[in-house]
Amino acid sequence: MAPRSDSAEGSSIKFSIRYLSCSSYKAIRLIICSMMLQYLFFMRFHYDFLTLLFVVIFAAIVLNFVNEQNRPLNSQNVADSLQKFNLKKTAIQKALDTLADSGKISFKEYGKQKIYLARQDQFDIPNSEELNHMKEENAKLQKQLEDQNRAISEVEGEIKSLQSNLTLEQIREKEAKLRNEVKEMEEKLAKLRGGVTLVRPEERKAIEKVYSEQISHWRKRKRIFKDLWDAITENSPKDLKEFKEELGIEYDEDVGVSLQSFSDLSQHSKKRTRGQ
């Protein structure tokens, strides 16, 4: 019989051969050899040898995955997990059916859906003594893992603490900056002690005028807001405090600011100017 080329099969067996470099390489190699003999005997060279090799490797990958998972799987589960190898669902379904028909895996039908499972007779089931030993080893490993995680957390905490501290270069830069600030302040203080006027009278008067105007605007706007707020909330059934918080409104007192204190500051400045 002449070899047949099937484009659907050819497209479905495109996958990364790097999968065979995993830890289960020997197991996959034995599976491939065994399955190639079976396919050569039963399929009677229905495919050419290269296509047959891909089909066998493809089936071996699916079989190895089912055995590694060792839990109930459907074709969609297998397709999702092997998607990174570009294995299509239809081809995976064929491979699963072929493996089930050849007795490599077990399966059960639930309506239209098939559930596949690794054959349990291939696994060594530990006895109670071995199981207890495994539990003890697992407990020891868990304890070691907790100790390692705790040590890692401590080291990370020390690293963060060290990173938050200033380096020697940063300390020197900050020291130089502070020394310059101290020097500038001392020079200003020396001028003040010597009776030198740092601000000319005309500059002082201009600043006080701007300050007074801003205080007036503040007082005017505060009065406008109060009139509007009283008109809006006069017949409101809501609690005024909750209504204010709901609207995101803050009074001067809410942020620790007092118009009167700034106004008194302006009056004090005027009195001191007259006294001079």
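The values are calculated or read from the model by the stated rules, or taken from the named source; none is laboratory data. Every value quoted in this text rests on a predicted model; they were computed, and no experiment measured them. Virtual Cβ from ideal backbone geometry, glycine too; neighbours counted across all protein chains shown. Remember, those area values only see protein heavy atoms, side chains included, never the ligands or the DNA or RNA. Shrake-Rupley method; radii C 1.70, N 1.55, O 1.52, S 1.80 Å.
How much of LEU96 can a 1.4 Å solvent probe reach, expressed as accessible area in Å² and rounded to 10?
LEU96 exposes around 0 Å² with every protein chain in place.
Report the FRET efficiency, 1/(1 + (r/R0)^6), for GLU130 and ASN86, where r is their Cβ-Cβ distance and R0 is 35 Å, rounded to 0.05. Don't skip to the answer; put the middle values down first.
Values: r = 40 Å, r/R0 = 1.15.
The pair GLU130/ASN86 has a calculated efficiency of 0.30.
Give me the distance in nm between label points sitting 7 Å out from Cα along the Cα-to-Cβ direction at ASP252 and LEU141, one decimal.
So the two model labels end up 7.1 nm from each other.
With charges only on Cβ, +1 for K and R and -1 for D and E, what is the dipole size of the stretch 89-183 about its Cα centre, in debye, rounded to 20?
Values: 17 positive and 18 negative charges, 134 e Å.
That gives the stretch 89-183 a dipole magnitude of about 640 debye.
Could you tell me the center-to-center distance, by alpha carbons, between the stretch 168-194 and the stretch 62-104 in angstrom?
76 Å
Which listed residue (ALA95, ASN138, GLN122) has the Cα farthest towards the positive end of the charge dipole for the stretch 73-142, taking +1 on Lys and Arg C-beta and -1 on Asp and Glu C-beta about the Cα centre?
So the residue furthest toward the plus end is ALA95.
Of MET185, MET134, which has the most accessible area and how do the rest follow, probe 1.4 Å?
The most accessible residue leads, giving MET185, MET134.
Please compute the Kirkwood hydrodynamic radius over the stretch 79-184, one decimal place, Å, based on all pairs of different Cα atoms.
On the way: mean 1/r = 0.0470 Å⁻¹.
Hydrodynamic radius (Kirkwood, Cα pairs) of the stretch 79-184 is 21.3 Å.
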